[in-house]
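Student: Sharing a structure below in structure tokens format, with a few things to ask.
Coordinate-derived values only; no laboratory data. Worth saying up front: this structure is predicted, and the values here are computed from it rather than measured. Every residue, glycine among them, receives a Cβ derived from its backbone with ideal geometry; neighbour counts consider all protein chains shown.
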Amino acid sequence: MIGQGSLTPSPRSHSLCHPDDNAAQVRPPISTRPLVGTIAVLLGSVISTLDNRITSFGLADVEGAVHAGFDEGAWITTAFTVGQMLVGPASAWLGVVFGPRRVLMFGAAVFAISNLLLPLSPNLRFVLAFQLISGLSSGTFIPLTIGFVVQNLPARLVVYGISAYAMNLELSLNIASSIEGWFTDNWSWPWIFWDTALLAPLMLVCIHFGMPRQASNKELLKTTDWAGILFASLGLSLVYAALDQGNRLDWLNSGLITGLLLAGVILIIAFVAHELTHDRPWINLRFAASGNIPLLGLYISFFRFISLSTSYIIPQYLATVQNYRALEIGSVLIWIAMPQFLLAPIIATILRFVDARITLALGFCLIGLACLLGGQLTDQWAVGDFLPSLIIQAVGQSFGLTSVVWFAIKHLQPTEALTFGAVLQTGRLFGAELGLAFVQTVVRTREQTYSNLVGLHVVTGANSVVTRLEEYGAAVFGRSIGEAAAQARAIALLAQTLRRQAYVLAYIDAFMIMGVGVIVGLVLMIFLRNPPAGPAPGEQRLSS
């Protein structure tokens with residue numbers, strides 16, 4: 001886990017960081033208006049996720065507006081998430097040194113200005129620069145959300161805050177397509193960025209009235225493990241950029257991807273060596289490798305991987321096979337988003353009385369069932385065909401994400417919550433990117449394989465082939481210039497049909513891989529031990 005040299009050690013476990021630094025942290029006062037502060041940090045998590053997701057759906061509009069080609073424009077979303085990855089590992093340290101209130105207010109203000117100015121960019125370079133600034137400024141939103149919820153909400157409400165956090169993430173991921181499609185159809189592409197920019201002032205108001213003021217702890221600047229922070233942030237960011245662009249550039253066949261991966265891995269190795277030998281390490285790697293912590297970190301990343309069945313596979317199928325536009329894709333994904341309002345309080349109440357490992361297993365089982373249903377995909381599926389699997393997936397993802405975060409928090413002292421937020425952000429981004437890179441590569445290679453295999457059954461002169469070409473030719477003849485043009489269009493339509501079938505088979509394979517991943521996740525649950533004995537999160541704060 002990621003830590004900083006100022007966290008108070010848990011009486012139940014070893015500290016994440018160097019023990020000599022423990023006295024530096026002064027427990028923050030409890031806000032008299034914690035619910036307003038919670039709204040602020042939850043708004044931050046929505047803004048952080050929604051901005052990147054909407055940009056992904058509207059990337060073609062942004063590329064066209066700044067006259068960028070596909071290859072150059074592919075870096076627009078990468079610049080944003082690389083910025084988030086750069087600041088993510090250091091966010092806990094920033095929160096301890098300057099206080100979460102200052103960090104979030106500064107980040108929200110910079111984010112609002114950057115996103116307001118981005119649509120006015122004259123060229124791609126300005127867009128990339130603003131995207132990087134937006135990523136850096138919003139990269140602290142999610143890490144500091146969990147810290148504030150655990151440290152400031154009353155004990156009985158902490159689990160509801162965690163559930164609301166999980167709800168916001170699922171909501172942001174699955175309503176982005178509808179929002180982007182509506183803006184594109186009714187207004188214009190700049191609203192892809194202006195919508196979240198206009199949410200930032202509301203976040204600022206909630207921070208101002210709901211988060212407690214804290215004194216800065218600038219003495220920590222003198223003892224900070226700067227090398228550890230630099231190695232981790234740069235190394236993870238370089239690897240992330242390579243993963244994000246690897247499928248487009250054909251992985252190790254690209255010198256750029258090879259260089260990014262090599263530099264990133266060297267920096268990560270240097271980080272590990274530095275932390276193991278430094279007398280005041282930024283992270284206690286030995287503690288990070290003990291107990292449930294490695295497996296919980298894996299689950300946080302792994303959960304983002306298996307959620308790709310809705311956030312990537314279904315939108316890609318609808319766009320590639322059914323030619324759906326963003327607004328039409330949103331009409332499908334909304335069935336994941338809308339149930340979250342009902343599910344969040346129900347799941348939180350259940351977790352107050354039930355072991356989180358049980359609900360985590362239930363969530364994985366439901367996701368596995370949804371993937372199995374998705375594996376029955378055909379080229380005729382539309383909105384109604386996805387509904388059973390989508391509703392099951394919505395319930396499973398809500399149970400799974402809320403449970404894994406809640407179970408992980410049970411291992412922490414409240415003062416370690418900021419650190420866990422940084423871990424959650426890093427694992428969330430890396431899990432999503434590793435999974436996306438893997439699934440994209442699987443779909444691409446399987447589509448190529450199936451195109452070849454299906455094409456072997458299309459034999460020139462075969463009766464079925466001749467009949468199909470005649471049907472296509474007759475259908476397009478009235479809009480073609482002569483019989484030769486109609487025949488050429490018929491052949492193109494047949495090739496397009498073959499490719500659609502290949503994509504359907506590739507997406508079925510992707511669903512099945514997700515299902516296998518769920519089985520692996522369920523098996524690994526037998527290694528999860530009971531959390532350390534002691535009061536629940538929030539009760540520790542109240543009793544101290």
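Student: Please rank Asp509, Asp385, fewest neighbouring Cβ atoms within 10 Å first, as an exposure proxy.
Tutor: Values: Asp509 19, Asp385 16.
Neighbour counts put them in this order, fewest first: Asp385, Asp509.
Student: Distance from the Cα centre of region 488-502 to that of region 405-476, in angstrom?
Tutor: Comparing the Cα centres of region 488-502 and region 405-476, I get a distance of 22 Å.
Student: For an R0 of 22 angstrom, estimate the FRET efficiency from the Cβ-Cβ distance between Ser290 and Ala227 and round to the nearest 0.05.
Tutor: Numbers: r = 24 Å, r/R0 = 1.09.
Step by step, r from the Cβ atoms, then E = 0.40.
Student: Would you work out which of Ala326, Gln393, Phe70 lies farthest towards the positive end of the dipole of the chain? Charges go on Cβ: Lys and Arg +1, Asp and Glu -1.
Tutor: Gln393
Student: Take the alpha-carbon centre of region 100-145, take the same for region 246-307, and report the distance between them in whole Å.
Tutor: Centre-to-centre distance over Cα atoms comes out at 25 Å.
Student: Rounding to the nearest 20 debye, state how big the charge dipole of region 174-306 is about its Cα centre with +1 on each Lys and Arg Cβ and -1 on each Asp and Glu Cβ.
Tutor: In debye, rounded to 20, region 174-306 gives about 420.
Student: Quick check: residue separation of Ala74 and Arg156 times 0.36 nm, minus the Cα distance between them. What number comes out in nm?
Tutor: Length gained, Ala74 through Arg156: 25.0 nm.
Student: Apply the Karplus parameterisation 6.51 cos²θ - 1.76 cosθ + 1.60, with θ equal to phi minus 60°, to every residue of region 156-171 and state each ³J(HN,Hα) to the nearest whole Hz, in sequence, with x for glycine and proline.
Tutor: 5, 9, 4, 5, 6, x, 5, 5, 5, 4, 4, 4, 4, 5, 5, 4
Student: If you place +1 on the Cβ of every Lys and Arg, -1 on the Cβ of every Asp and Glu, and leave all else neutral, what size is the dipole of the chain about its Cα centre, to the nearest 20 Debye?
Tutor: Details: 29 positive and 29 negative charges, 260 e Å.
Its charge dipole is roughly 1240 debye.
Student: Note the full-extension length gain between Ala109 and Leu198 as 0.36 nm times their separation in residues minus their Cα-Cα distance, in nm to one decimal. Walk me through the numbers on the way to the answer.
Tutor: On the way: separation 89, 0.36 × 89 = 32.04 nm, distance 1.06 nm.
That pair, Ala109 and Leu198, stretches by 31.0 nm at full extension.
Student: OK, next. What is the ratio of the Cα radius of gyration of region 226-279 to 2.2 N^0.38 Å, where N is its residue count, to two decimals?
Tutor: On the way: Rg = 12.4 Å, N = 54, 2.2 N^0.38 = 10.0 Å.
In units of the globular-protein estimate, region 226-279 measures up at 1.24.
Student: Between Gly58, His208, Ala506, whose Cα lies farthest towards the positive end of the dipole of the chain when Lys and Arg beta carbons carry +1 and Asp and Glu beta carbons carry -1, centred on the Cα centre?
Tutor: Toward the positive end, the furthest listed residue is His208.
Student: Suppose each label sits 7 Å from its Cα in the direction of the beta carbon; what would the Glu471-Ile346 distance come out to in nanometres?
Tutor: In this crude label model, Glu471 to Ile346 measures out at 4.4 nm.
Student: Out of Phe353, Ser307, Leu412, whose Cα points farthest toward the positive end of the dipole of region 306-431 (charges: +1 Lys, Arg; -1 Asp, Glu; placed on Cβ)?
Tutor: Farthest towards the positive end: Leu412.
Student: For region 443-484, with only Lys/Arg (+1) and Asp/Glu (-1) charged at the beta-carbon, what is the dipole magnitude about the Cα centre, in debye rounded to 20?
Tutor: Working: 4 positive and 4 negative charges, 46 e Å.
Magnitude of the dipole: close to 220 debye.
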